[in-house]
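Below: one structure, written as structure tokens.
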Amino acid sequence: MEVVRATLEHLELLELSITVCEKYGRLTNELGSKGSHIGDLDALIASAAIVHRQILLTKNKKHFQMIDGLDLHVPNY
């Protein structure tokens, strides 16, 4: 817990707002209609990043590359 708390103290936490939840609903419907399911948590993370206009840093390119409007960065390490 101490390590997690120390890490989170240096990060900006994004609000899980009504707008993020609405984006999540639209995103999951859009992906579902294409037969592309990425999982609820990944969809929620992507929705928050889009709504808050933040870059999403992840090594999970497979799930997130199919999301329009997401500013995605995949590290090369």
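Overview of values
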| quantity | calculated |
| --- | --- |
| Test set (1) open to solvent by less than 70 Å² (accessible area, probe 1.4 Å); (2) assigned to a loop (DSSP other than H, G, I, E, B); (3) within 22 Å of VAL74 (Cβ to Cβ) - HIS37 fails condition number | (1) |
| Residues being out of contact with any strand residue (DSSP E or B) (no Cβ under 8 Å at 6 or more places or on another chain), of a type in the set (Asp, Glu) and not in a helix (DSSP H, G or I) - total across region 40-77 | 1 |
| Filter result for the condition that a residue is in a helix (DSSP H, G or I), acidic (Asp, Glu), surrounded by fewer than 18 Cβ atoms within 10 Å (Cβ to Cβ) and free of Cβ contacts under 8 Å to residues at least 12 places away in the same chain, over GLU12, GLU22 | GLU22 |
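The values are calculated or read from the model by the stated rules, or taken from the named source; none is laboratory data. Worth saying up front: this structure is predicted, and the values here are computed from it rather than measured. A quick note on method: Cβ atoms are made from the backbone with ideal geometry, for glycine too, and the neighbour counts reach across all protein chains shown. Surface areas here come from the heavy atoms of the whole protein model, side chains and all, with no ligands, DNA or RNA. Shrake-Rupley method; radii C 1.70, N 1.55, O 1.52, S 1.80 Å.
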